[in-house]
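J.: First the structure, which I've put down as structure tokens, then a few questions once you've had a look.
The values are calculated or read from the model by the stated rules, or taken from the named source; none is laboratory data. Computed from a prediction, not measured in an experiment: that's the story for all the values here. So basically every Cβ, Gly included, is an ideal-geometry build from the backbone, and we count neighbours across all protein chains shown.
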Amino acid sequence: MGYPMAGHLSQNNDLELFVYNRTRSITTKWLQKHKGFEFKIDELVKIKFDGFILCLKDDASIINVLIDQNLIKFLKYNSFIIDHSTTSLDLIHSISSNFEVMNRKISYYDSPVSGGEIGAVNGNLSVMFGGPNKKIKIITSLMNAYSDTIVKIGPSGHGQLTKMINQLCIAGLLQGLAEAIALGKSTDLNMLKVYEAISGGAAQSWQMDNRFVSMINNKFDFGFAVDLMIKDLEIALKNAESKKLNLMISKNVLSKYKKLSKNNFGKLDTSSLIKLFDVS
């Protein structure tokens with residue numbers, strides 16, 4: 001998702017944009033299409049940046065980039081980090097309490113997004129973020145390049161807590177869609193007409209509008225991967241357990257996604273939940 005998001009940022013002529021991916025060929029491909037510079041760790045020792053925008057897959061990736069590779073050293077005093085990754089609350093504490101982050105007075109904003117790859121491409125993501133109250137005008141102006149909805153939820157960690165709620169909602173919706181479509185496909189119903197009839201009523205949702213047709217056509221080679229949803233649900237359920245909440249539906253959906261992943265479907269879109277019903 002970071003690839004198209006950076007593409008939108010590159011259209012801002014007031015920015016001096018440097019891009020970095022641990023797979024250098026991706027950076028090279030991006031630079032062939034967009035305006036910007038390659039972030040070269042070994043060649044930029046004298047440059048200090050106003051801020052970083054991150055979009056990585058998990059806690060370990062962020063620790064690797066910021067701490068292990070020490071990219072924090074490239075940030076100016078009183079700079080910022082916008083982190084669009086979906087991570088644990090432990091990660092936020094680790095970054096916020098890092099000596100270099102504190103010493104340089106770097107503002108860290110946990111800013112997960114919703115809307116999927118298509119939202120990133122179209123520039124209409126939803127951003128939910130937590131963090132300090134300073135630099136809000138600067139960071140929201142940057143996020144406006146690829147987002148339609150930007151909401152500061154509260155202090156540090158509140159962005160990730162909101163993303164947990166978002167993912168639990170999606171998991172429940174997809175389970176319901178999979179069951180409903182499984183029932184429909186077991187009959188002689190015209191499923192396109194079914195969608196036409198119910199998508200204008202109370203059952204309507206983003207998941208229905210964007211996944212119903214692809215689910216009935218068994219198309220799953222796009223979107224948000226099962227393995228990433230497993231990671232997100234595990235984070236949400238760990239937090240729920242710490243509050244002594246038993247989220248039975250979400251636990252059930254997680255077990256189904258783990259079954260899909262075990263059967264080598266981990267890179268398919270989360271709507272592939274329908275595959276477990278074995279309907280043609």
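J.: Would you point out the residue of segment 26-49, among those that are under 22 Å from the mean Cα position of the chain (by Cα) and under 22 Å from ASN70 (Cα atoms), that is surrounded by the fewest Cβ atoms within 10 Å (Cβ to Cβ)?
T.: ILE26
J.: Shifting gears a bit: Within segment 56-72, does at least one residue satisfy the condition of being touching a strand residue (DSSP E or B) at 6+ places or on another chain (Cβ under 6 Å), surrounded by 13 or more Cβ atoms within 10 Å (Cβ to Cβ) and not small (Gly, Ala, Ser)?
T.: Looking for residues that are touching a strand residue (DSSP E or B) at 6+ places or on another chain (Cβ under 6 Å), surrounded by 13 or more Cβ atoms within 10 Å (Cβ to Cβ) and not small (Gly, Ala, Ser), one finds none in segment 56-72, hence no.
J.: Output the number of residues of segment 255-280 satisfying the condition of being within 30 Å of ASP188 (Cβ to Cβ), small (Gly, Ala, Ser) and either under 17 Å from the mean Cα position of the chain (by Cα) or surrounded by fewer than 19 Cβ atoms within 10 Å (Cβ to Cβ) (or both).
T.: The number of residues fulfilling the criteria is 2.
J.: Any idea which of LEU260, LEU189, LEU228 is more than 20 Å from ILE118 (Cα to Cα), of a type in the set (A, V, I, L, M) and touching a residue at least 12 places away in the same chain (Cβ under 8 Å)?
T.: Numbers: LEU189 fails: touching a residue at least 12 places away in the same chain (Cβ under 8 Å); LEU228 fails: more than 20 Å from ILE118 (Cα to Cα).
After applying the criteria, what remains is LEU260.
J.: Quick one: would you say PHE220 is in contact (Cβ under 8 Å) with a residue 12 or more places away in the chain, in contact with a Phe, Trp or Tyr (Cβ under 6 Å, 6 or more places away or on another chain), farther than 24 Å from ASP110 by Cα and surrounded by 15 or more Cβ atoms within 10 Å (Cβ to Cβ)?
T.: Details: in contact (Cβ under 8 Å) with a residue 12 or more places away in the chain: yes; in contact with a Phe, Trp or Tyr (Cβ under 6 Å, 6 or more places away or on another chain): no; farther than 24 Å from ASP110 by Cα: yes; surrounded by 15 or more Cβ atoms within 10 Å (Cβ to Cβ): yes.
It is false that PHE220 is in contact (Cβ under 8 Å) with a residue 12 or more places away in the chain, in contact with a Phe, Trp or Tyr (Cβ under 6 Å, 6 or more places away or on another chain), farther than 24 Å from ASP110 by Cα and surrounded by 15 or more Cβ atoms within 10 Å (Cβ to Cβ).
J.: Just need a number here: residues in segment 238-280 that are hydrophobic (A, V, I, L, M, F, W, C) and within 14 Å of ALA225 (Cβ to Cβ).
T.: Number of matching residues: 4.
J.: Looking only at residues that are over 18 Å from the mean Cα position of the chain (by Cα) and among the basic types (Lys, Arg) in segment 199-242, which one is farthest from LEU91 (Cα to Cα)?
T.: If we take residues in segment 199-242 being over 18 Å from the mean Cα position of the chain (by Cα) and among the basic types (Lys, Arg), then LYS219 is farthest from LEU91 (Cα to Cα).
J.: Can you find, within segment 73-96, the residue that is modelled with the lowest pLDDT among those that are exposed (fewer than 14 other Cβ atoms within 10 Å of the Cβ) and more than 23 Å from the chain's Cα centre (by Cα)?
T.: Here the residue is LYS73.
J.: Something else: Evaluate the following for ILE198: is it in the same structural domain as SER272 (by TED's automatic domain parsing) and either at positive phi or modelled with pLDDT of 95 or more (or both)? Please lay out each step first, then the result.
T.: Numbers: in the same structural domain as SER272 (by TED's automatic domain parsing): yes; either at positive phi or modelled with pLDDT of 95 or more (or both): yes.
So ILE198 fits the description; yes.
J.: Determine which member of the set LEU183, LEU142, LEU177 is assigned to a helix (DSSP H, G or I) and closer than 24 Å to LEU233 by Cβ. Step through it out loud before you land on a result.
T.: Values: LEU183 fails: closer than 24 Å to LEU233 by Cβ; LEU142 fails: closer than 24 Å to LEU233 by Cβ.
Testing whether each residue is assigned to a helix (DSSP H, G or I) and closer than 24 Å to LEU233 by Cβ leaves just LEU177.
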